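Any read-out appearing in this document is the output of simple, stated calculations on the displayed coordinates, not a laboratory observation. What you are looking at is a predicted structure, and each value in this text was computed from that prediction instead of being measured. In this analysis, Cβ positions are derived from the backbone assuming ideal geometry, glycine residues included, and neighbour counts consider all displayed protein chains.
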Amino acid sequence: MMNELIFYLLAGLVLGSSLAVLLIPNPMYATLSLVGNLLAVAGIYALLNAHFLAVVQVTVYAGAVMVLVLFVIMLINNRDFEARIPSKIYFFLASALVFLFLYILIPRLSSSGEASNVEGSVRSFGLLLFQDYVINFQIAGILLLAAMVGAIMIGRRSGD
């Protein structure tokens, strides 16, 4: 009973902070909301006894990646971000996407029993990642590389 309450609290924090990321016009505060989102996701991982993923979530995403994002935002130092107020259409679009995602995901999670058969060790996680999901892992690496190159190009242009 207590685990369900904590889960629903963390899920509410995830949804609320993700909406804050979309709706807050100040990029610094939006980034801090994203850090809150990542920490709440780490809490959900810890609640599911995936402690390795929780630690990786905090150290890699909430730590290193958010420091880089904040560095890029400070590097750009553009005050035009604060002047723009997002339209309410973004709120409705984000809400519709969340509900659509939940509508598709919840029936699949309740009928799937695969997650309970996975061993929780780092070795099994690594084997699963680098054998079964190697293409997904490579695509994620390429996307992160493209984001880093884009951040460097934005930083170079503003320094000229």
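Computed from backbone phi with θ = phi - 60° and the Karplus coefficients 6.51, -1.76 and 1.60, the 3J(HN,Hα) list for segment 24-32 is 7, x, 7, x, 5, 5, 5, 5, 5 Hz; x is used for glycine and proline.
Sort segment 1-81 into rounded, prolate or oblate with this rule: let a ≥ b ≥ c be the square roots of the eigenvalues of the Cα gyration tensor; rounded if a/c is under 1.5, and if a/c is not under 1.5, prolate when a/b is larger than b/c, oblate otherwise. In terms of gyration-tensor shape, oblate.
Each peptide in 124-132, 25-33 was scored by the mean count of other Cβ atoms within 10 Å over its residues; highest first, the order is 25-33, 124-132.
What does the C-alpha gyration tensor say about the overall shape of segment 17-64? Classify as rounded when a/c is under 1.5, otherwise prolate if a/b is larger than b/c, or oblate. It is oblate, given that a/c is not under 1.5 and a/b is not larger than b/c.
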